[in-house]
1. Sequence neighbours fewer than 8 away in the same chain don't count; with that in mind, list the lysines whose C-alpha is under 20 Å from K76.
2. Per residue, what volume in Å³ does the convex hull of the Cα atoms of segment 19-76 enclose?
3. Given 37 °C and 0.692 mPa s, how large is the Stokes-Einstein diffusion coefficient of segment 45-94 in µm²/s, with Rh as the Kirkwood radius over Cα pairs?
4. I want to check the label-to-label distance for S115 and R66. Put each point 7 Å from Cα in the C-beta direction and report it in nm to one decimal.
5. For segment 1-106, which whole percent of the accessible surface, found with a 1.4 angstrom probe, sits on carbon and sulfur atoms?
6. Segment 56-90: which trypsin sites (Lys or Arg not before Pro) are DSSP loop and have at most 14 other beta-carbon atoms within 10 angstrom?
7. Excluding same-chain residues fewer than 8 positions from K86, which lysines have a Cα within less than 21 Å of its Cα?
8. Using just the C-alpha positions of the chain as equal point scatterers, what log10 of I(q)/I(0) does the Debye formula give at each q in 0.13 1/Å?
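The values are calculated or read from the model by the stated rules, or taken from the named source; none is laboratory data. Predicted model, so just to flag it, every value in this text is computed and none were measured. Every residue, glycine as well, gets a Cβ built from its backbone with ideal geometry; the counts of neighbours run over all protein chains shown. Note: accessible area is taken over every heavy atom of the protein model, side chains too, but ligands, DNA and RNA are not part of it. Shrake-Rupley method; radii C 1.70, N 1.55, O 1.52, S 1.80 Å.
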Amino acid sequence: QVHIVESGGGLVQPGGSLRLSCVASGSISSTIAMGWYRQAPGKQRELVARISTGGSINYGDSVKGRFTISRDNAKKTVYLQMNILKPEDTATYSCYLYGGGINYWGKGTLVTVSS
């Protein structure tokens, strides 16, 4: 069984920063990629960022230049550094791990950007 646990969400003012963490544990045959999606109320889920085991990175257009994803393969941990946060970044951020042909998801962590 695989567990994905996110942390680091919270309330932040516009222009501020937050760092999200995601830890995977359990029996994982092979990890191909880890990353983050987000979903705001009434909106579709969208890609925030993903990173492969080999280090290939993709960002959603709305976060390029502001967010940075990184990972520690040995710890099965991925981080999302979010800078210059905007109210439109408010959403539930969910971490996933893709491995062995399966996507594993965490429960999500809420990020609220508001003054």
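1. Within reach: K107.
2. Spread over its residues, the Cα hull of segment 19-76 gives 110 Å³ apiece.
3. Stokes-Einstein gives a translational diffusion coefficient of 281 µm²/s.
4. So the two model labels end up 1.5 nm from each other.
5. Details: 2650 of 5510 Å².
The value for segment 1-106 is 48 percent carbon and sulfur by accessible area.
6. Sites meeting the loop and neighbour criteria: K64, K75.
7. Partners within reach: K43, K64.
8. Once normalised to I(0) and log-transformed, intensities are -0.44.
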